[in-house]
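Everything on this sheet refers to the single structure shown next.
The values are calculated or read from the model by the stated rules, or taken from the named source; none is laboratory data. What you are looking at is a predicted structure, and each value in this text was computed from that prediction instead of being measured. Glycine also receives a Cβ, built like all others from the backbone with ideal geometry; neighbour counts cover every protein chain displayed. The area values use the complete protein model at the heavy-atom level, side chains included, leaving out ligands, DNA and RNA. Shrake-Rupley method; radii C 1.70, N 1.55, O 1.52, S 1.80 Å.
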Amino acid sequence: MNKYLIKEEIDINKIYDYNLYPDRISGRCDNCNKAHFTSSISKGKLLRECRNCSMKKII
């Protein structure tokens, strides 16, 4: 199983787990390849959201 996300299968409404889907390029969004994120704490975990496309990952 390929653990990296491909752009065609990314759902920006879903929150991905970084352990299951690590970044293809470290520190970059898998969807838009930007490196600008907002961070917040959600359910005791760090939630990272891309400022450009709103893709979310729990780190």
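So the values come out like this:
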| item | result |
| --- | --- |
| Filtered residues of region 15-59 (kept if over 17 Å from Lys3 (Cα atoms) and open to solvent by 80 Å² or more (accessible area, probe 1.4 Å)) | Lys34, His36, Ser39, Ile41, Lys43, Lys45, Arg51, Asn52 |
| Lone unmet requirement of (1) in contact (Cβ under 8 Å) with a residue 40 or more places away in the chain; (2) touching a helix residue (DSSP H, G or I) at 6+ places or on another chain (Cβ under 7 Å) for Ile59 | (2) |
| Qualifying positions in region 27-50 - charged (D, E, K, R) and assigned to a strand (DSSP E or B) | Lys45, Arg48, Glu49 |
| Subset of region 1-10 [open to solvent by 70 Å² or more (accessible area, probe 1.4 Å) and part of a loop (DSSP other than H, G, I, E, B)] | Met1, Asn2, Lys3, Tyr4, Ile6 |
